[in-house]
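Laboratory data are not the source of any read-out in this text; all were calculated from the coordinates shown. This is a predicted model, so every value here is computed, not measured. A quick note on method: Cβ atoms are made from the backbone with ideal geometry, for glycine too, and the neighbour counts reach across all protein chains shown.
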Amino acid sequence: MNSTGPGSSGTTRSPGVRERILGLFTLRGTVTEAEPVADRMRRLRLAGPELAGLTVLPGQQIRVHVDGLTTRRTYSVWSHDPEGSLDLCVYDHGGSGPGAAWGRSVRVGDDVRFGKPEGGFVLRPGAPHHVVIGEETASVALGAVLAAVPDASGVHGVVQTATAAGRLPLAHAERLHWQVRGDASAAGSLELADAVRGLELPDPARTPGAVAYVAGEARTVQMVRGVLVRERGWDRRSVLTKPFWTPGRRGLE
Ligand SMILES: Cc1cc2nc3c(=O)[nH]c(=O)nc-3n(C[C@H](O)[C@H](O)[C@H](O)COP(=O)(O)OP(=O)(O)OC[C@H]3O[C@@H](n4cnc5c(N)ncnc54)[C@H](O)[C@@H]3O)c2cc1C
């Protein structure tokens with residue numbers, strides 16, 4: 001509908017005006033593919049001319065206007081084609097939050113507004129060892145990082161999912177420890193922290209430059225960082241962390 005059409009008011013912003021304002025600050029893509037990629041996880045391809053030539057560092061995220069307007073949720077870029085598309089993987093946590101609802105309902109042909117790729121939870125190129133730790137939502141960013149890790153580098157880590165069918169196809173998958181948590185909560189996950197205690201890791205004193213990437217539920221991330229730093233002797237600066245969600249909080253970014 002046109003903003004200058006009959007019934008438009010001088011004070012209330014019409015859909016056309018809102019769309020133009022949004023266009024100044026966001027990119028627009030169209031959903032060209034939408035398919036289940038794992039249990040409760042949907043892969044969405046956003047494509048369009050505004051995505052051509054976009055720079056995305058492995059691990060970066062975009063903020064999506066999940067209601068088409070002001071409500072935003074953040075999603076890691078799973079993969080990216082500089083010709084003009086990027087893929088997200090959205091986890092359905094089963095609640096009624098706007099992010100999960102968008103991930104369930106968005107269809108091929110829908111237009112999506114989002115911000116430019118951002119964030120510092122990214123691959124440290126040239127690190128001799130990469131350690132990745134997290135659950136389903138984290139596995140998207142961890143997967144983007146792993147896809148850029150050369151075969152000659154050390155790869156270690158634990159990826160936790162509710163079910164084995166919830167696993168994303170990650171590069172170097174055979175070098176990771178995969179944990180199934182079943183009905184246990186992913187929040188404050190003692191199981192994940194314990195798995196990190198048992199991981200075979202490079203000795204931090206002998207392998208300068210090794211890096212750990214820890215993401216997912218905020219309390220779990222904190223616990224895992226504690227295990228790496230206090231129990232496994234890792235330098236704080238070598239452990240990159242990113243809380244993605246936590247019970248009782250809406251849209252952490
Ligand atoms: C940097 C960053 C990257 C992210 N990348 C991804 C990604 O690649 N894929 C992805 O699916 N999500 C990702 N997220 C999480 C995403 O932004 C949303 O938080 C998520 O989709 C839930 O949104 P919501 O609106 O449904 O719930 P919110 O309004 O955000 O949260 C409401 C409540 O829902 C519950 N909840 C939210 N998430 C979960 C969960 N995973 N498991 C169980 N309960 C939950 C909690 O109780 C929470 O308090 C990322 C977040 C950040 C900050």
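Can you tell which of Val224, Gln160, Ala144 lies farthest toward the positive end of the dipole of the range 129-245, using +1 and -1 charges on the Cβ of basic and acidic side chains (Lys, Arg; Asp, Glu)? Sorting the options by dipole projection puts first Val224.
With each label modelled as a point 7 angstrom along the Cα→C-beta vector, the Glu231-Glu118 pair spans 3.5 nm. Note on the chain: helix-only mean residue ellipticity at 222 nm, from DSSP H runs of 4+ residues weighted -39500 (n - 2.57) and normalised by residue number, equals -5500 deg cm²/dmol. For the chain, the Cα-based Rg and Dmax, in that order, read 19.6, 73 Å.
Sequence-ordered 3J(HN,Hα) estimates for the range 163-176 from the Karplus curve with 6.51, -1.76 and 1.60 and θ = phi - 60° stand at 9, 5, 6, x, 7, 7, x, 9, 4, 6, 3, 6, 9, 9 Hz, glycine and proline given as x.
Approximating the spin labels as points 7 Å out from Cα along Cα→Cβ, the Ala205-to-Gln222 distance works out to 3.0 nm.
In this structure, Glu35 and Asp194 have a Cβ-Cβ separation that, at R0 = 25 Å, corresponds to a calculated FRET efficiency of about 0.15. Placing +1 on the Cβ of every Lys and Arg and -1 on the Cβ of every Asp and Glu, with no other charges, gives the range 109-253 a dipole of roughly 480 debye about its Cα centre.
Treating the beta-carbon of each Lys and Arg as +1 and of each Asp and Glu as -1, no other charges, what is the dipole magnitude of the chain about its Cα centre, to the nearest 20 debye? Walk me through the numbers on the way to the answer.
Details: 30 positive and 26 negative charges, 164 e Å.
The calculated dipole for the chain is roughly 780 debye.
The alpha-carbon atoms of the range 129-245 define a convex hull whose volume equals 90 cubic angstrom per residue. Applying a DSSP loop filter and a limit of 16 other Cβ atoms within 10 Å to the trypsin sites (Lys or Arg not before Pro) in the range 88-180 leaves Arg107. Here the extension length gained between Ala173 and Leu69 equals 33.7 nm, from 0.36 nm per residue of separation less the Cα-Cα distance. Restricting to the chain, what percent of DSSP beta bridges are antiparallel, rounded to 5? Bridges in the chain are about 60 percent antiparallel. Cα centroid distance between the range 211-236 and the range 70-126, in Å? Going from one Cα centre to the other spans 25 Å.
On full extension of the chain, what length is gained from Asp110 through Ile21, given 0.36 nm per residue of separation minus the C-alpha to C-alpha distance? Could the numbers behind the result be given before it?
On the way: separation 89, 0.36 × 89 = 32.04 nm, distance 1.92 nm.
Fully extending the segment from Asp110 to Ile21 adds 30.1 nm.
Taking every alpha-carbon pair under 8 Å whose residues sit at least 6 apart, the chain reaches a relative contact order of 16 percent.
Shown here for the range 51-138: GluC sites (Glu not before Pro) in loop regions (DSSP other than H, G, I, E, B) with at most 10 other Cβ atoms within 10 Å, namely Glu83.
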